[in-house]
1. Once the cut-off is 24 Å, how many percent of the Cα-Cα pairs in segment 39-168 end up in the long-distance tail?
2. Work out how much length Arg242 to Ile74 would gain on full extension: take 0.36 nm times their residue separation and subtract the Cα-Cα distance, in nm to one decimal.
3. Hull surface divided by four, with the convex hull built on the Cα atoms of segment 1-90: how many nm²?
4. Specify which residue in the list Ala36, Leu201, Leu123 is farthest towards the positive end of the charge dipole of segment 3-245, using unit charges on the beta carbon of Lys, Arg (+1) and Asp, Glu (-1), about the Cα centre.
5. Quick check: net charge around Gly35, other residues with Cβ under 12 Å of its Cβ, Lys/Arg +1 and Asp/Glu -1?
6. Under the classification rounded if a/c is under 1.5, otherwise prolate if a/b is larger than b/c and oblate if not, where does segment 123-246 fall, given a ≥ b ≥ c as square roots of the Cα gyration tensor eigenvalues?
7. Taking the C-alpha atoms of segment 179-246, how large are the radius of gyration and the largest Cα-Cα span, Dmax, in Å?
8. Can you pull out the trypsin sites (Lys or Arg not before Pro) in segment 68-177 whose DSSP state is coil and whose Cβ has at most 12 other Cβ atoms within 10 Å?
Amino acid sequence: MDWQAWLGTAWPRGWEIIGSGGKTTFMSGWAAQLGAEGKNVIYTTSTHLAAASPLYPGRIVEGEDLERARQEWIASPQPRLWGLRRLSPQGKWLGYSPQELEEIAAWPGLDHLLVEADGSRGLPLKAHAMYEPVLYPSAQLGVAVLGLSGLGRAVVEGEVHRPQLLERLLGCEPGAIIGCRELVTIAWSYLNELDTPYKLLVLSQAQSWEMEYLYHLAKLIVEAEPPAQHLAIMAQSPGEWRPLWP
């Protein structure tokens, strides 16, 4: 698939990434790729991230004082690949508000801002609480990540994030097993949280899936609801991205 032809332009400036089962991997991987292309990139969060990770590319910059960080950004040599953070008392990356993200998005010379916008406690599937995701208005590309290792899991604590809310979403009993039908419902619950002009559904943790099954799942998802005009689906496995639709 020609992603630039799908978008009708180069990769958008503002990305927001939600879902479960690979958001940080996706964000870090694409930040690194865009940085390798010579783009000026910042990645951060509107919720929280682990204090340290081998996934984080580039330079990690303290952003408690955004004006000071902006001045440092302006003075830094290009290209710039920054992980912008401020730390909570517990040592995690503390999220920026939508208003602060709008300020960051306007920094001079910034090509791409990638923001992880919800949490799933490392689990492959989740249901969203009322207060999430925390999105910022100028984002153009919304990415929903769905962890395929959730297939066959039970809707119980420790297997999925917020099982009680997931029961309500799926109309199932506690302990019900996640099948393909449930994956489709969860995928659309993620996509419907996004209000960006372009939406990308990433079927992550796909390394053990044959392509024919990935195409079949993508077809089920597309047929479940009238798709948005600008929706694409891809599979993600370590070191590989595979387009599935359109």
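1. I get 36 percent for the Cα pairs in segment 39-168 exceeding 24 Å.
2. Answer, rounded to one decimal: 56.9 nm.
3. 7.2
4. The residue sitting most towards the positive pole is Ala36.
5. +1
6. It is oblate, given that a/c is not under 1.5 and a/b is not larger than b/c.
7. 11.5, 32
8. Answer in residue order: Arg121.
Bear in mind these aren't lab numbers, they're just calculated from the coordinates by the rules spelled out. Bear in mind that the values here come from a model prediction, so they are computed numbers and not experimental data. Neighbour counts are summed over all protein chains in view; Cβ atoms, including those assigned to glycine, are modelled from backbone coordinates with ideal geometry.
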